[in-house]
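For reference, the structure is listed below as structure tokens.
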Amino acid sequence: MTNETENDHYKQLGLYKASILIWKIVPPILILLGTIGNSLSILVLTRRSIRVSSTALFLTVLACSDLLVLYSGLLRQWLIYLFDTDVRNLSEAGCKINVWLVYSSLDFSAWILIVLTLERVVSTWMPHRARTLCTKKTAFAFIIAVGVFILGINSHILYGIGYKITQDENYYPIENKCIEIDRNYAYFFENVWPWIDLCVYCAVPFVVIVIGNALILFKVLNSQKKSKSTIASRLAKKSSMPAMLFTLNIVFLLSTLPVSIYTIGQAYWPKDLDDYKMAKLDFWWAVVNMLMYTNNSLNFLLYCLSGTKFRREVIRLLTWKKCFRLNHINPAQRNYTSTRFDNQSRSSTA
């Protein structure tokens with residue numbers, strides 16, 4: 001009776017109610033925006049005029065990875081809070097694969113930004129060799145290498161996370177849980193793994209991204225300052241891509257650092273917290289998660305805001321539909337429209 005009373009009091013706290021509202025309202029918005037935005041990104045980046053570059057390939061793969069993050073991670077959380085259904089508790093395979101995919105897809109998105117940054121550094125510092133080094137073939141090789149590395153470093157989850165069925169005294173199943181298989185792995189997963197994950201997901205990308213963007217900015221400014229030669233103007237043209245990359249990187253760092261810090265701190269917080277502090281932690285857990293998933297949802301808007309070439313391709317894609325409709329109008333109707341326009345033009349001139 002006491003436990004039920006305490007639980008009721010906890011659920012009546014304002015911060016707890018706010019966290020539940022966040023989990024119920026924000027995810028469908030981010031999933032919708034992310035699905036539309038990433039799908040449009042894939043459509044634009046695979047157009048004939050832009051898909052020839054290795055950068056377009058990296059951004060296409062990034063959009064696919066972001067979609068996987070949203071549907072393996074955020075959609076699962078939304079279903080938990082809206083329908084009290086967890087896909088991880090439905091089967092052994094669902095338990096292991098979902099946890100593995102969530103960690104791997106998040107890390108993969110971060111490392112695609114790393115490779116993209118390094119490619120821009122090579123293009124800026126060695127423009128003459130970039131044509132032979134930064135090819136689609138090389139990009140494919142890096143994508144595969146990064147994918148194998150990320151899947152491998154997270155593969156311990158397939159062993160350590162298990163599907164446990166709790167039974168009552170009559171051996172009837174009463175609860176299914178996707179949890180650590182033993183205490184040793186539980187200690188590793190709660191105390192050691194968050195530090196490793198922080199390095200893989202945030203720290204290493206942060207260092208590479210900051211240094212890479214600093215090198216790009218230094219080279220562009222230095223070249224423009226020294227001369228106005230062809231090389232300098234070529235670097236200036238390429239600076240539009242670093243501008244978009246810089247925007248992506250800043251948003252990535254600001255949105256992922258809070259959840260990494262929270263995950264590490266979670267292992268060291270006291271276990272006997274009162275209801276208010278627990279509700280406060282639940283609230284901030286919802287906030288940092290929404291920040292993290294925002295990064296995977298709004299890249300299309302970032303492309304449009306900071307990428308001149310990407311905006312141009314979006315406009316071409318939209319206007320192409322209008323041209324397509326005009327080209328497929330009945331010839332007689334087209335001639336009638338043209339004649340009518342010519343007559344109106346003559347009358348207005350007269």
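Read-outs throughout are calculated quantities, based only on the coordinates presented, and are distinct from any laboratory measurement. Everything numeric in this text was worked out from a predicted model, so none of it was measured. FYI the Cβ positions are ideal-geometry reconstructions off the backbone, even for glycines, and counts take in every protein chain you see.
Here are the numbers:
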{"read-out": "Neighbour-count ranking [beta-carbon atoms within 10 angstrom, fewest first] of Arg88, Arg312", "value": "Arg312, Arg88"}
{"read-out": "Extreme residue, positive dipole direction of the stretch 12-318, given options Ala18, Tyr163, Ile181 (C-beta unit charges)", "value": "Ala18"}
{"read-out": "Simple spin-label estimate for Leu317 and Lys136 in nanometres, 7 Å along Cα-Cβ", "value": "1.7 nm"}
{"read-out": "Relative packing of 44-52, 22-30, which averages over residues the other C-beta atoms within 10 Å, highest first", "value": "22-30, 44-52"}
{"read-out": "Tail weight of P(r) past 36 Å, computed on alpha-carbon pairs of the stretch 12-318, percent", "value": "25 percent"}
{"read-out": "Positive-pole candidate from Pro270, Pro127, Cys202, dipole of the stretch 12-318, charges at beta carbon", "value": "Pro127"}
{"read-out": "³J(HN,Hα) computed for each position of the stretch 158-165 - Karplus, 6.51 cos²θ - 1.76 cosθ + 1.60, integer Hz, glycine/proline x", "value": "5, 8, x, 9, x, 9, 10, 10"}
{"read-out": "Those trypsin sites (Lys or Arg not before Pro) in the stretch 253-299 that DSSP places in a loop and that have at most 11 other beta carbons within 10 Å", "value": "Lys271"}
{"read-out": "Amide hydrogen neighbours beyond the local backbone of Gly162, cut-off 5 Å, H modeled", "value": "Ile179, Glu180, Ile181"}
{"read-out": "Restraint check, Lys164/Lys280; Lys219/Lys309; Lys24/Lys137; Lys17/Lys96; Lys136/Lys177, Cα-Cα greater than 32 Å", "value": "Lys24/Lys137; Lys136/Lys177"}
{"read-out": "Net +/- balance of residues flanking Arg183 in space, Cβ distance below 14 Å, scoring K and R +1, D and E -1", "value": "-2"}
{"read-out": "Linear extension gain, Ala203 paired with Thr247, 0.36 nm per residue minus alpha-carbon span", "value": "14.1 nm"}
{"read-out": "In nm, spacing of pseudo-spin labels at Phe218 and Leu21 (7 Å Cα→C-beta vector)", "value": "4.9 nm"}
